[in-house]
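One structure is given here, and the rest of the page talks about it.
The values are calculated or read from the model by the stated rules, or taken from the named source; none is laboratory data. What you see is a predicted model; the values in this text were computed from it and never measured. Cβ coordinates were reconstructed from backbone atoms using ideal geometry, including for glycine residues, and neighbour counts include every protein chain displayed.
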Amino acid sequence: MKPDMSVNLAGIPLRNPVMTASGTFGYGEEFAEYVDMASIGAFITKGLSLKARAGNPTPRIVETPGGMLNAIGLQNVGIDAFITKKVPYLRSVNTPAIANFFGNTVDEYAEMARRLDEIPEVAGLEVNISCPNVKLGGIVFGTDPDSAASVVSACRAATKKPLIVKLSPNVTDVVAMARACEDAGADALSLINTLIGMAIDLNRRRPVLANITGGFSGPAIKPIALRMVWQVAKAVKVPIIGIGGIMNAVDALEFMLAGATAVQVGTASFINPGAAQKIAEDMEAWLIANGVADIKSLIGALET
Amino acid sequence: MQFTAMILSNVEVSPGYWRMRMTAPPECASARPGQFVMVRVNGAIDPLLRRPFGIFDIGSYTPAQSGAHPQPYMEMLYRVVGKGTAMLSALHGSDLLDILGPLGKGFDLGAPDEEKLIVGGGVGLAPLYLLAKELIKESKVRLFAGGRTRDDILCITEFERLGVECYTATEDGSLGECGLVTEALLRRLDQMQGGATIYACGPHGMLNAVAGIAAERSIPCQVSLEGYMACGVGACLGCVAPGRSHSPETPDFRCVCTEGPVFEAGELKWRE
């Protein structure tokens, strides 16, 4: 018998728990050739801002053992071009699209939430308070509970759509950040964004990335992500989206045991553009092989 | 397109430079010169990312078994620069590779009656052989191949076999002229009467010089760029190159994998 793969993410029904992470899946259409959109739970757009952003100088990415560093700098088309050029594609696919966004100020965050709230094709909003690669916006709000709460409250007041807050791992106490965002009105939490890292070119005696530091992602960060998801899941009531080095179905299912209702696949899509679809299919096969009738029964089912 | 290729041969053609032939699906036969593929070296997580390689050649071969029909093949020319390419060079015939491609925009083949001048530096020759093979069908083609030493001048006999007139230059004078390949290019341009198009691929310094020569003489010029990229499909935005109007205050970036890797030289920002 086919297992029930569906989950409900803060009011967004997902056919399965596999989503694609912001910044690793473009605006969806880049992957149309490789992924049957109707085979994944949802996809998250590249982080959007009020004005288009050109991003950081190059080199922007470098590979490290089991992972990669990126310092793209939130390059995106801006909200206006998103509406005219990217939303028509969202309309054509039978899969919820969640818009990731950021601002330089609390007011900009709220304005973005308002603009995105008006787009019927956007099923939910993911607030990025955790980009490590830009000076303003992002991480300055993501490392202090009070600042995070002020951003989340402002966005909450500006939208009725499900509001997800994406948390940074670059904090001393991720649970305190999670609680602050939940109290401020977040409907769900996604974690983790990338860890701040760096790579050095010994012969040139220079950093490899033009930005010097970058966000570390890939399978190398999975143990940290799992630990943070497990800690936060015990502390909050809102659903959690587990992110961090998920390369296959086993990784994804481990995040669900740790307490995640859904997962996001990121770096894996760079290596195999069809990764999210394959992971969803393999998760279903694992459920069948292990006699699990409903994937929801795995959420937080870790035995300790 | 994503496919599994079987390696047919993997040969060191010059110290540190390898040429690999592999099976390819029929769709690859229509790959345009200048397009590239993303190769996963193995199934492990180190190296994690695919590696981009220009398509050196596309053709067909007949497998050894009796009654076999001709099958398409694809070739890559690559230099061992790090862990990923070192692992690639250790692979043998019948090993399998996971390939994404052909990707990106290729070269514009231009008007048939004008002369085509191809400039390649070192492993920059990789995407230029398939280009020469197409161009020679309708145009006079000259190749200007440069490198630090004779070891960096690759597969010249293959170009000559196509009927391409080849000029070589090495910085140490160990093969061809002693000096930069752009000097030979300039001399040819000085002799020329009719129209020409320049095609170039190689180190950034060489491309910069070629773009400058082309701009000075108002000759159409296309360059193929390299970039650090994770995905090859326009999602990671790692491989951007500065466009013509780029400045730190008003950034203008072009995505190498989807808007390129071939660009009109005039579209890009070059050093003055």
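Below are the figures for this structure:
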quantity: Residue in the range B:24-41 that is in the same structural domain as B:Leu91 (by TED's automatic domain parsing), surrounded by fewer than 17 Cβ atoms within 10 Å (Cβ to Cβ), under 21 Å from B:Thr85 (Cβ atoms) and of a type outside the set (A, V, I, L, M, F, W, C) present; calculated: no
quantity: Cross-chain or 6+ apart pairs with Cβ under 9 Å, the range B:6-18 first and of a type in the set (D, E, K, R), then surrounded by 16 or more Cβ atoms within 10 Å (Cβ to Cβ); calculated: B:Glu12/B:Trp18; B:Glu12/B:Arg19; B:Glu12/B:Val80; B:Glu12/B:Ser89
quantity: Selection count where residues are of a type in the set (Lys, Arg) and touching a helix residue (DSSP H, G or I) at 6+ places or on another chain (Cβ under 7 Å), scope the range A:7-52; calculated: 1
quantity: Residue identified as part of a strand (DSSP E or B), buried (at least 20 other Cβ atoms within 10 Å of the Cβ) and of a type in the set (Val, Ile, Thr) among B:Val262, B:Val233; calculated: B:Val262
quantity: Positions within the range A:6-53 being surrounded by fewer than 19 Cβ atoms within 10 Å (Cβ to Cβ), of a type outside the set (S, T, N, Q) and part of a loop (DSSP other than H, G, I, E, B), in sequence order; calculated: A:Ala10, A:Gly11, A:Arg15, A:Ala32, A:Glu33, A:Tyr34, A:Asp36, A:Leu50, A:Lys51, A:Ala52
quantity: Residue in the range B:225-238 that is more than 14 Å from every other protein chain (Cβ to nearest Cβ) and within 19 Å of the chain's Cα centre (by Cα) present; calculated: no
quantity: Residues (closer than 21 Å to A:Thr172 by Cα and more than 11 Å from chain B (Cβ to nearest Cβ)) located in the range A:197-227; calculated: A:Gly197, A:Met198, A:Thr213, A:Gly215, A:Phe216, A:Ile221, A:Pro223, A:Ile224, A:Ala225, A:Leu226, A:Arg227
quantity: In the range A:140-180, the residues that are free of Cβ contacts under 8 Å to residues at least 40 places away in the same chain and surrounded by 24 or more Cβ atoms within 10 Å (Cβ to Cβ); calculated: A:Phe141, A:Ala148, A:Val152, A:Val165, A:Ser168, A:Met177
quantity: Residues satisfying the stated conditions in the range A:181-198, i.e. surrounded by 18 or more Cβ atoms within 10 Å (Cβ to Cβ) and more than 23 Å from A:Leu163 (Cβ to Cβ); calculated: A:Leu195, A:Gly197
quantity: Residue within the range A:34-46 that is more than 19 Å from A:Leu163 (Cα to Cα), within 8 Å of chain B (Cβ to nearest Cβ) and more than 16 Å from the chain's Cα centre (by Cα) present; calculated: yes
quantity: Among the residues listed as B:Ser94, B:Ser66, B:Ser60, the single one being over 25 Å from B:Lys133 (Cβ atoms), out of contact with any helix residue (DSSP H, G or I) (no Cβ under 7 Å at 6 or more places or on another chain) and in contact (Cβ under 8 Å) with a residue 12 or more places away in the chain; calculated: B:Ser94
quantity: Test: A:Asp294 is over 23 Å from B:Pro47 (Cα atoms) and either in contact with a strand residue (DSSP E or B) (Cβ under 9 Å, 6 or more places away or on another chain) or of a type in the set (Ser, Thr, Tyr) (or both); calculated: yes
quantity: Strands (runs of 3 or more DSSP E) contained entirely in the range A:55-106, each with at least 2 residues that are within 18 Å of A:Phe43 (Cα to Cα) and either more than 14 Å from chain B (Cβ to nearest Cβ) or under 18 Å from the mean Cα position of the chain (by Cα) (or both); calculated: A:97-101
quantity: Subset of the range B:52-73 (residues that are touching a Ser or Thr at 6+ places or on another chain (Cβ under 8 Å) and buried (at least 22 other Cβ atoms within 10 Å of the Cβ)); calculated: B:Gly54
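Per-residue answers, yes or no, for (1) basic (Lys, Arg); (2) in a strand (DSSP E or B); (3) at pLDDT 95 or above; (4) surrounded by fewer than 24 Cβ atoms within 10 Å (Cβ to Cβ):
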residue	(1), (2), (3), (4)
A:Trp230	no, no, yes, yes
A:Val238	no, no, yes, yes
A:Met247	no, no, yes, yes
A:Ala252	no, no, yes, no
A:Met256	no, no, yes, no
A:Ser269	no, no, yes, no
A:Lys278	yes, no, yes, yes
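One line per residue, one yes/no per condition, for (1) within 24 Å of B:Arg79 (Cβ to Cβ); (2) surrounded by fewer than 21 Cβ atoms within 10 Å (Cβ to Cβ); (3) touching a Ser or Thr at 6+ places or on another chain (Cβ under 8 Å):
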residue	(1), (2), (3)
B:Ile118	yes, no, no
B:Gly147	yes, no, yes
B:Ile153	yes, no, yes
B:Glu158	yes, yes, no
B:Glu165	no, yes, no
B:Thr170	yes, no, yes
